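J.: Input: one structure, supplied below.
Read the figures in this text as sums done on the coordinates, not as results from a lab. These numbers were taken from a predicted model, which means no experiment stands behind them. A quick note on method: Cβ atoms are made from the backbone with ideal geometry, for glycine too, and the neighbour counts reach across all protein chains shown.
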Amino acid sequence: MSTTSITTTETPARPALPVHEGSLGSRIASGMATPGGAVFVLVGVLLVAIMVSNPNFTDPGALIRFAGRTAPIAIAAMGQYYVIVSGEFDLSMGAVIAAQVVLAGNFIGQDEGRIIPGLLLMLAVGALIGIVNGLVTTLLKVPSFIVTLGMMLALSGLVRYITGGAASGNPVDAFRDIGRGGIEDVPVVDIIPFPLIILAVVAVLSVWLMRRPFGRTLIAAGDNPQSMHYSGAPLWSYKTRAFVLSSLSATVAGILLVGYAGVHPSVGAGYEFTAITAVVLGGVVLGGGRGWVLSAAAGAFALELLFTLLTSLGVTSTWRDTVQGLIIIAAVALSARAWQVGRRPRRTTSSDPSPSTDNTATPSPNQPSTGATTGDN
Amino acid sequence: MKARLSTVTSTTIVYGVLLVAVVAGAILTAVNGRNFFSVGNIDNILTTTSILGFIAIGQTLVVLGGSLDLSVPFVVSLSSVVGGGIMAGQSGNIGLAVVVTLALAMVVGLANGLIVTFLRVHGFIATLGTGLVISGYLASNYKGSHGSAPLDFRLLDATRIGPVPMSTLIMLGCAGVAVLMLRRTRLGHHLYAVGGNAEVARLSGLRTSVPLIAAHVICSALAAVAGLLLLARLSVGNPTIGSQGGYDLMSIAAVVLGGTLLAGGKGNITGTLAGVAIFAVIDNVMGVMQVNPFLRDVVRGVVIVVAVAVYARRELDTRPPRFERPTGLDAALQEAR
């Protein structure tokens, strides 16, 4: 080895990569340009539109009550997010909510002493449903669409069989207060609903979880399951945990909904599609690998704000479905383009000159070594 | 060789499951002191089969192309009320009503196909969206049943040729045409290619949008036929008849039960027909045994998952490693990015 070659390898002293690219403002701006960020802008725009059309909404108390009512949907959407970002579907969410609501009504009843055991039992049942969904999807290799569809049919059939399809006794009021109560006599906003507090806790936990190796691996598993499989990650375990989180979120949503809606087997009907719509509206890509967990919650808020806006504009409630359908198609069509723009160009790189002789002399520190650059196949 | 073996076994398993269902059904019916193979019972099974059969044939085409159609129940309801409205009890209007209804459904299918192919929205969301649009229209404009079918049109459902209902024969005819389309025409082969791997199909010089749009149009048209059949059966149009039947998810379940991969590119119509028949047999047996209607859903859910688990293992194990694909919708959904 001559001294020159030693110097060439030493001279490109690897510049320390900056932790962040650009200033905080520019990073926020570029984040807002992605579909996951744009939904927050959408929430803001809708909020202003509602306040203009309905002055009652400018009252902080009304706003916070609205947020409390939306909390169950936002929590369900965050649960659905884990499953969708890992590349699967959870259609059993609505049936899980119905099952938990009925379970709460029957197990807790009018006995305040059974609230804590009841909550534990509901969470255990939720986790069990998630484990079954996850293991059948991953180990028996049944598409999650079918597994959760089967779970939905089975659970909702069971619930209607047990209740006879009619409303049954509500659980004790102390339990229902989790859903409809709040911290009273707060200065500005009058009341802080418990659902909002639970939503905040769930949101913080979700952000923390998605920053941990679990969250990173889950997104990677949704983006490219094959490569995650090759890199040795136990995909079945990660995806199963995603299903468990989804069912647990549905359980929490069910606990909150008991307060609002009481015990009826049709509570939670259609929640799976609402949650998927909210997640997709939040810019999370169906098929996995892209999206932010808080965007899913923001998607739920955007959806509810939209309905509220339509109501305050005097649109008949029967047309809500139509507007919802048009909105989700438009949102997904736009975000499909937006993610495409944000991606690194794929085809052009493969037509670039592959590592030739003059490149080998000065290997760039952030390029893969020769032989690994065979395009994107 | 291995690949051929797997395709043979896949369809064979479906018919094996159907055979098991029929035998178990016959035994259970006999235990209840009834004859499973009586003309009345067979007729009942075939009648149940025909509605879901039409929808499932169309759904198979869409799933083969790597998409989904969740808008079918609303197309069924729409064609039921529109057809009933135009007929208004007059025999002379039947032709016009059928043509208008089919054309309307094909416009919906065209919209689905264009949204999926040109706007690059995944079929799940695109058809969920168009379904919601139609459902909003139906809920706003139709309160309760609407229109009525003339006697001539009601005969469509009531006529029997031997023990076989006319509707089942039409359904089998449609299935035959669809099978020919898939096996013999360019469109069918292209549909398999696009569903298997849209990118490879595109690089091979196919217009990837054409087969998928055609599949969506045919699917909606067949859903409209199912809606007209329901109109003939009930003699009035009903704006919620489709969503009551849960035809979106049940047809997808029947397609997957028939051995078609949800990711697309692999499967056939004959398997789907067996899947529909399995549902019909199970429903019939539970009806004979007087199982609680709510518990029937539980049995259906378990049967779907267990049956698909049987094929899913089989097909993944025998596929040559080169063509190994991730399970579930992942492969099809790669497109949606």
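J.: Amide H of residue A:182 versus every other amide H placed in the peptide plane: which residues, excluding those fewer than 5 positions away on the same chain, fall under 5 Å?
T.: A:194
J.: Could you work out the Kirkwood radius for region A:195-257, taking every pair of different alpha carbons, averaging 1/r and inverting it, reported in Å?
T.: One decimal place: 12.8 Å for the Kirkwood radius.
J.: Please state, rounded to one decimal and in Å, the Kirkwood hydrodynamic radius that region A:60-186 gives when every pair of distinct Cα atoms enters the mean of 1/r.
T.: About 16.3 Å for region A:60-186.
J.: Let me ask something additional. Angle check, please: helix A:60-85 long axis (alpha carbons) against the longest principal axis of chain A (alpha carbons), in degrees 0 to 90, nearest 10.
T.: The angle comes out at about 50 degrees.
J.: Given a Förster distance of 51 Å, report the FRET efficiency between residue A:209 and residue B:91 from their Cβ-Cβ distance, rounded to the nearest 0.05.
T.: Given R0 = 51 Å and the Cβ-Cβ separation, E is 0.20.
J.: By how many degrees, between 0 and 90 and to the nearest 10, does the Cα long axis of helix A:293-312 differ from the longest principal axis of chain A?
T.: Once rounded, the angle reads 50 degrees.
J.: Here's something else I'd like to know. Of all the stretches in chain A, which is the longest one without any exposed loop site, taking trypsin sites (Lys or Arg not before Pro) in a DSSP loop (any state but H, G, I, E, B) with at most 11 other Cβ atoms within 10 Å? Kindly include the intermediate steps, with their values, before the conclusion.
T.: Numbers: sites that count: A:343, A:346.
It works out to A:1-342.
J.: Please report, to two decimal places, log10 I(q)/I(0) for region A:34-337 at q = 0.16 Å⁻¹ as given by the Debye formula with identical point scatterers on the Cα atoms and no solvent.
T.: Reported log10 I(q)/I(0), two decimals: -1.35.
J.: Using a simple charge model, +1 on the beta-carbon of Lys and Arg, -1 on the beta-carbon of Asp and Glu, nothing else, what dipole does the protein assembly as shown show about its Cα centre, in debye to the nearest 20?
T.: Approximately 1540 debye in magnitude.
J.: Based on alpha-carbon positions alone, could you give the equivalent ellipsoid semi-axes of region B:174-325 from the gyration tensor, as √(5λ), descending, whole Å?
T.: Over the Cα atoms of region B:174-325, the ellipsoid semi-axes are 31, 22, 12 Å.
J.: List the pair-distance distribution P(r) of region B:2-326, using every Cα-Cα distance, as the percent of pairs falling in each 20 Å bin from 0 up to the bin containing the longest distance, rounded to whole percents.
T.: 32, 58, 10, 0
J.: Quick one: B:127, A:58, B:29, fewest Cβ neighbours within 10 Å first, how do they rank?
T.: A:58, B:29, B:127
J.: Would you report the distance distribution of C-alpha pairs in region B:1-129 as whole percents per 10 angstrom bin, up to the bin with the largest distance?
T.: Over region B:1-129, the share of Cα pairs per 10 Å bin runs 10, 25, 25, 26, 13, 1 percent.
J.: How would A:229, A:20 line up from fewest to most surrounding beta-carbon atoms within 10 angstrom?
T.: Neighbour counts put them in this order, fewest first: A:20, A:229.
J.: Same structure again: Residue by residue through A:154-166, how many Cβ atoms from other chains fall within 10 Å of the Cβ on average?
T.: Partner-chain Cβ atoms within 10 Å, mean over residues of A:154-166: 4.
J.: Please report, in whole Å, how far the alpha carbons of region B:70-185 spread along each principal axis, starting with the longest.
T.: 46, 43, 22
J.: Moving on. Specify the angular offset, from 0 to 90 degrees and rounded to the nearest 10, of the alpha carbon long axis of helix A:194-211 from the longest principal axis of the alpha carbons in chain A.
T.: Once rounded, one gets 20 degrees.
J.: Write down Rg/Rh for the protein assembly as shown, rounded to two decimals, with Rg from the C-alpha atoms and Rh from the Kirkwood relation over Cα pairs. Don't skip to the end; give the middle numbers.
T.: Values: Rg = 27.1 Å, Rh = 27.2 Å.
We get a ratio of 1.00 for the protein assembly as shown.
J.: To the nearest 0.05, how large is the calculated FRET efficiency for residue B:244 and residue A:231 if R₀ is 35 Å and r is the Cβ-Cβ distance?
T.: That pair, residue B:244 with residue A:231, gives E of 0.15.
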